[in-house]
Amino acid sequence: MRALCWEGVNDVRVQDVPDPKILNDGDLILKVGLSTACGSDLHLLTGHIPFMQAGDVIGHEFMGEVVEVGPDVTRHKPGDRVVVASFIGCGQCYYCRNDLWSLCDNTNTNPGITQALWGADPGGIFGYSHAMGGFKGSHAEYVRVPFADHNAIAIPEAVDDLSAVFASDSAPTGWMGADLGGVRPGDVVAVWGSGAVGQMAARSAQLHGAERVVVIDRFDYRLRQAENAFGLETVNYEHVDVGAALREMTGGRGPDVCIEAVGCEAHSYGPQYAYDQVKSKLKLETDRPIAVREAIHNCRKGGTVFVLGVFSGVVDKFPLGAVMNKGLTLRGAQQHGQRYIPMLLDRMASGELTTTHLATHVLPLEEGARGYQLFKDKEDDCVRAVFRP
Amino acid sequence: MKAAMKAVAATGVGAAVVVGRRMTARRRALRRGRSDHWLAVTVDRPLDAVTGPPRLPGPMGELRGRVDVRFRPAPGGRGTEVLAVPKDDDVSREDLRVALRQMKSLLETGTVIRPDTPSTTHPGPAGRVLRAVIGKSAGEGRL
Ligand SMILES: NC(=O)c1ccc[n+]([C@@H]2O[C@H](COP(=O)([O-])OP(=O)(O)OC[C@H]3O[C@@H](n4cnc5c(N)ncnc54)[C@H](O)[C@@H]3O)[C@@H](O)[C@H]2O)c1
Ligand SMILES: [Zn+2]
Ligand SMILES: [Zn+2]
């Protein structure tokens, strides 16, 4: 079959790879309908997550049609239209049973790497490096889905493919930021990043009852999407002092909840950007936490900062003093999709959560490399490149 | 393994450097003779479910007699702690670690998830080094 493979830093290519097979009795094989590039893939492309081998199939946010099921699969049959959570849960360990699916104990097949790096191994992910299990990704004609009863979720008829694909990863990630960030009615919420994840987090904050929600980015076309799709307020940090704008907006208090949806390649115009770039070139830090620092600095006393953006290792100039002295709650997580996907699909069906505007570029899989170039360089007003194998 | 870790580190990637250092530090600690602690996993099932049949499923069963095993309920009703230690040098701690993990997965899910292999047909030189690391990864870790 054809699949989009990581071939080296900033080098992805469509190749012929072996078809997937059922390996465990609970697996299913999915014929991929749509599979979208995600901001997390950019961390693989740039080499921030070094545990890749040339030829690894990437992609983890996807939907499609079931074509084969293992003997233990009870909830799905060939022909079913399903969306698949990007993190693979077993459904039966302590973490899965407590709805913390990305922390699954039983799905990372290479636990030694992340245990050495982080002190414990999170669950496996599709197409996201050998540190996260080395599972083949979804930018392919077919993909194997382990523990399919838990990880594949039927799509209601009222939800079309292009809406549903975002229920795999970006929508539940955004929802988790608002939910576990503790957004309450009346809150002011600030979201850094107006990509798919940031927009989903901001919309989720609205649906949690936040009174004002503001999205921060530098790309006007992305901020315009946030305004038009959801009526969100926006700040372009290229033109406006973010801290001053947030203080003005909140009567000097600062936002109650700050959600970071940027990640380890954050950009900025200040001297800290050059500083972080030098430090990461010298291997003195692995990630650039620019938006995290800004979120912590601007959050109100006693507020919450939720880190949705992906970080892989150590950061520098972390404002621990602000966290401690302002009494902040700092939290982060990889997404617990299985917990939210059915509810999000219902909200999509009712029209409460729209996602199709995120798919600015729907391309054949063969144009995968071009799709990633558009997405990475934010060219042609690209928000997400979505591939149709 | 150590050489492989170093080679990955030499690709200059920070996270891999950290992993390499941690794994090396662990091995040094082991050489200093701090290797006698019990390896432990928590199985998210009650004590009687873990100690009843199938007692010690998977490769743990094959190690029977060559390892000491203890069971105790986890605090707060959060399952059962299974602790094991090799009786002699016949059983490596790496093999025991793999056996404990697989036993836990079998008791919780009835299966052990299989990796997508071969993950790639052309891993390249750096990928081959990483492969060597991955080959040992199941037996490594903090457990
Ligand atoms: N926690 C999870 O489970 C999970 C799931 C999916 C994605 N993610 C992560 O979420 C992040 C966003 O993903 P995405 O797909 O929306 O990516 P994206 O690249 O489309 O969007 C990131 C946005 O952040 C903006 N940005 C960069 N620096 C900024 C700064 N200093 N201040 C404000 N905005 C800034 C960029 O201009 C861009 O619009 C990534 O780090 C991704 O890895 C996490
Ligand atoms: Zn993602
Ligand atoms: Zn699990």
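Which one is farthest from the other protein chains (Cβ to nearest Cβ) among residues in segment B:108-123 that are farther than 16 Å from residue A:24 by Cβ and open to solvent by 20 Å² or more (accessible area, probe 1.4 Å)?
B:118
Which one is nearest to the other protein chains (Cβ to nearest Cβ), of the residues in segment A:318-328 that are open to solvent by less than 30 Å² (accessible area, probe 1.4 Å) and within 25 Å of the chain's Cα centre (by Cα)?
Let us first name the residues in segment A:318-328 that are open to solvent by less than 30 Å² (accessible area, probe 1.4 Å), namely A:322-323, A:328.
With the extra rule that they be within 25 Å of the chain's Cα centre (by Cα), the set shrinks to A:323, A:328.
On the way: A:323: 23, A:328: 26 Å.
By that ranking, first place goes to A:323.
Inside segment A:128-145, can you point out the residues that are at the interface with chain B (Cβ under 10 Å from one of its Cβ atoms), within 16 Å of ligand 2 (Cβ to nearest atom) and either small (Gly, Ala, Ser) or open to solvent by less than 10 Å² (accessible area, probe 1.4 Å) (or both)? Step through it out loud before you land on a result.
Just the residues of segment A:128-145 that are at the interface with chain B (Cβ under 10 Å from one of its Cβ atoms), to begin with: A:129-131, A:133-137, A:143-144.
Restricting the remaining residues to those that are within 16 Å of ligand 2 (Cβ to nearest atom) gives A:129, A:131, A:133, A:135-137, A:143.
Across segment A:128-145, the qualifying residues are A:129, A:131, A:133, A:135, A:137, A:143.
What tally of residues in segment A:45-76 results from selecting those that are within 12 Å of chain B (Cβ to nearest Cβ) and within 11 Å of ligand 2 (Cβ to nearest atom)? Step through it out loud before you land on a result.
Going residue by residue through segment A:45-76, those that are within 12 Å of chain B (Cβ to nearest Cβ) are A:46-58, A:70-72.
Still in the list and also within 11 Å of ligand 2 (Cβ to nearest atom): A:58.
The qualifying residues number 1.
State whether the residues of segment B:82-98 include one that is open to solvent by 60 Å² or more (accessible area, probe 1.4 Å) and of a type in the set (Ser, Thr, Tyr).
no
Given the residues A:242, A:262, which is the only one that is closer than 26 Å to residue A:45 by Cβ and surrounded by 14 or more Cβ atoms within 10 Å (Cβ to Cβ)?
Values: A:242 fails: closer than 26 Å to residue A:45 by Cβ.
None of the others qualify; the one that does is A:262.
May I ask you to list the residues in segment A:1-21 that are surrounded by fewer than 19 Cβ atoms within 10 Å (Cβ to Cβ) and assigned to a loop (DSSP other than H, G, I, E, B)?
A:1, A:9, A:10, A:18, A:19, A:21
Considering each residue of segment A:80-102, count those that are in contact (Cβ under 8 Å) with a residue 40 or more places away in the chain, more than 16 Å from ligand 2 (Cβ to nearest atom) and open to solvent by 10 Å² or more (accessible area, probe 1.4 Å), and give that number.
Let us first name the residues in segment A:80-102 that are in contact (Cβ under 8 Å) with a residue 40 or more places away in the chain, namely A:80-91, A:96, A:99-102.
Checking which are more than 16 Å from ligand 2 (Cβ to nearest atom) leaves us with A:80-82, A:90-91, A:96, A:99-100.
Adding the requirement that they be open to solvent by 10 Å² or more (accessible area, probe 1.4 Å) leaves A:80-81, A:91, A:99-100.
Residues in segment A:80-102 being in contact (Cβ under 8 Å) with a residue 40 or more places away in the chain, more than 16 Å from ligand 2 (Cβ to nearest atom) and open to solvent by 10 Å² or more (accessible area, probe 1.4 Å): 5 in total.
Are there any helices (runs of 4 or more DSSP H) wholly within segment A:193-257 with 3 or more residues that are closer than 24 Å to residue A:352 by Cβ, away from ligand 1 (no atom under 13 Å from the Cβ) and more than 14 Å from chain B (Cβ to nearest Cβ), and if so which?
Numbers: elements: A:196-207, A:220-230, A:242-249.
Counting at least 3 such residues, we get A:196-207, A:220-230.
Would you confirm whether any residue within segment B:25-37 is at pLDDT 90 or above and more than 9 Å from chain A (Cβ to nearest Cβ)?
Start the filter on segment B:25-37 by keeping residues that are at pLDDT 90 or above, which leaves B:37.
Among the residues that remain, those that are also more than 9 Å from chain A (Cβ to nearest Cβ) are: B:37.
Among the residues of segment B:25-37, at least one is at pLDDT 90 or above and more than 9 Å from chain A (Cβ to nearest Cβ), which makes the answer yes.
Considering every residue within segment A:150-165, establish whether at least one is of a type in the set (S, T, N, Q) and part of a loop (DSSP other than H, G, I, E, B). If you could, list the steps in order and put the result at the bottom.
Applying the first criterion (of a type in the set (S, T, N, Q)) to segment A:150-165 yields A:151, A:163.
In the following step, the residues that additionally are part of a loop (DSSP other than H, G, I, E, B) were identified as none.
Among the residues of segment A:150-165, not one is of a type in the set (S, T, N, Q) and part of a loop (DSSP other than H, G, I, E, B), which makes the answer no.
Residues are listed down the side, and each one gets a yes or a no for (1) within 16 Å of ligand 2 (Cβ to nearest atom); (2) within 14 Å of another protein chain (Cβ to nearest Cβ):
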residue: A:293; (1), (2): no, no
residue: A:302; (1), (2): no, no
residue: A:310; (1), (2): yes, yes
residue: A:316; (1), (2): no, yes
residue: A:335; (1), (2): yes, no
residue: A:360; (1), (2): no, no
residue: A:369; (1), (2): no, no
residue: A:381; (1), (2): no, no
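Report, by residue number, each residue of segment A:196-221 that is surrounded by fewer than 24 Cβ atoms within 10 Å (Cβ to Cβ), touching a residue at least 60 places away in the same chain (Cβ under 8 Å) and farther than 21 Å from residue A:256 by Cα.
Of everything in segment A:196-221, those that are surrounded by fewer than 24 Cβ atoms within 10 Å (Cβ to Cβ), touching a residue at least 60 places away in the same chain (Cβ under 8 Å) and farther than 21 Å from residue A:256 by Cα turn out to be A:219, A:221.
Which members of segment A:148-190 meet the condition of being within 14 Å of chain B (Cβ to nearest Cβ), away from ligand 1 (no atom under 16 Å from the Cβ) and crowded, with 23+ Cβ neighbours inside 10 Å? Step through it out loud before you land on a result.
As a first pass, look at segment A:148-190 and keep what is within 14 Å of chain B (Cβ to nearest Cβ): A:148-151.
Right, trim to away from ligand 1 (no atom under 16 Å from the Cβ) and you get A:148-150.
A:148 - this is the single residue of segment A:148-190 that is within 14 Å of chain B (Cβ to nearest Cβ), away from ligand 1 (no atom under 16 Å from the Cβ) and crowded, with 23+ Cβ neighbours inside 10 Å.
Can you name the condition, by its number, that residue A:177 falls short on among (1) closer than 15 Å to residue A:61 by Cα; (2) part of a helix (DSSP H, G or I); (3) within 14 Å of ligand 2 (Cβ to nearest atom); (4) touching a strand residue (DSSP E or B) at 6+ places or on another chain (Cβ under 8 Å)?
The one condition residue A:177 does not meet is (1).
May I ask you to say which residue of A:119, A:70, A:55 is without any contact (Cβ under 8 Å) to a residue 12 or more places away in the chain and outside the structural domain of residue A:285 (by TED's automatic domain parsing)?
Numbers: A:70 fails: without any contact (Cβ under 8 Å) to a residue 12 or more places away in the chain; A:55 fails: without any contact (Cβ under 8 Å) to a residue 12 or more places away in the chain.
Going through A:119, A:70, A:55 in turn, just one is without any contact (Cβ under 8 Å) to a residue 12 or more places away in the chain and outside the structural domain of residue A:285 (by TED's automatic domain parsing): A:119.
Quick test of your reading of the structure: residue A:279 fulfils all but one of (1) more than 28 Å from residue A:168 (Cβ to Cβ); (2) basic (Lys, Arg); (3) part of a helix (DSSP H, G or I); (4) at pLDDT 85 or above. Name the failing condition by number.
(4)
The values are calculated or read from the model by the stated rules, or taken from the named source; none is laboratory data. None of these values were measured; they are calculated from a predicted model. All Cβ positions, even for glycine, are placed from backbone atoms using ideal geometry, and neighbour counts span all protein chains on display. Surface accessibility is based on the protein's heavy atoms, side chains included, excluding ligands, DNA and RNA. Shrake-Rupley method; radii C 1.70, N 1.55, O 1.52, S 1.80 Å.
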